[in-house]
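Comments concern the structure below.
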Amino acid sequence: EAGVAQSPRYKIIEKRQSVAFWCNPISGHATLYWYQQILGQGPKLLIQFQNNGVVDDSQLPKDRFSAERLKGVDSTLKIQPAKLEDSAVYLCASSQRQPDTQYFGPGTRLTVL
Amino acid sequence: KQEVTQIPAALSVPEGENLVLNCSFTDSAIYNLQWFRQDPGKGLTSLLLIQSSQREQTSGRLNASLDKSSGRSTLYIAASQPGDSATYLCAANNNAGNMLTFGGGTRLMVKP
């Protein structure tokens, strides 16, 4: 069974630029999560989707972050404009249902200069 | 608001030792508690999930316990090996929506 796929694996941008991350969950998983993990900290949930609807986005900085999950499969997380404090690893996870074990992708490491 | 704390932040032990990692949470009304392993540059791998009605879960050399009343969970690793070196994270799930609150993790180094 293929795992959660994410791309790119690494991204370096200047502050005020925009960036997008892509996630493909495990086939058949209805729930998709985006987390932000700052170096030395545990992951923080940014947004959770159930199929193509948003379940929770209370910790998503909506002035600069946006996410979508078209057709209830792949998802894209965008940052525009990026700030220095956005430097982190962005993890995507999926689960078959709620509640259930979450399966994580390898993450995208973002560096904002 | 749930807060999860893991102590110690880092731990170094010789190979073969049994060890315990600690996790504490402030809101005892949890749905389940999960332990994950994270290797450098990689995502998280689920190790054990303990439902709120359970006291412990075991998988191989790993045993996780849950005490909701005291707001604590422990991960016991028996006969540690160098391959166990990684960061271990616990996460509390406070509702059936599966939204996890993570601790900061414990970086474990097992020396040969």
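None of the figures in this text is laboratory data; all of them are computed from the coordinates on show. What you see is a predicted model; the values in this text were computed from it and never measured. Neighbour counts are summed over all protein chains in view; Cβ atoms, including those assigned to glycine, are modelled from backbone coordinates with ideal geometry.
Each 10 Å bin from zero holds the following percent of Cα-Cα pairs in chain A: 15, 50, 29, 5. Of the Cα atoms belonging to the protein assembly as shown, the radius of gyration and Dmax stand at 17.5, 50 Å. Listed by Cβ neighbour count within 10 Å, with the fewest neighbours leading, B:T106, A:T101 appear as A:T101, B:T106. Under the simplified labelling scheme, the B:I7-A:R9 pair shows an inter-label distance of 3.8 nm, with each label point 7 Å from Cα along Cα→Cβ. Mean per-residue shielding of peptide B:36-47 is 5, counting Cβ atoms of other chains within 10 Å of each Cβ. Note on chain A: with a GNM built from Cα contacts shorter than 10 Å, the maximum mean-square fluctuation among A:I47, A:I38, A:I12 falls on A:I12.
Taking the DSSP bridge list for chain A and keeping only pairs wholly inside it, about 90 percent are antiparallel.
When the Kirkwood hydrodynamic radius is evaluated over all pairs of different C-alpha atoms of region B:3-100, what value in angstrom, to one decimal, is obtained? One decimal place: 13.8 Å for the Kirkwood radius. The alpha-carbon atoms of region B:49-112 define a convex hull whose volume equals 99 cubic angstrom per residue.
The string of couplings for region B:30-44 from the Karplus curve (6.51, -1.76, 1.60, θ = phi - 60°) is 8, 8, 7, 10, 10, 10, 10, 10, 10, 8, x, x, 10, x, 8 Hz, one whole number per residue in order, with x for Gly and Pro.
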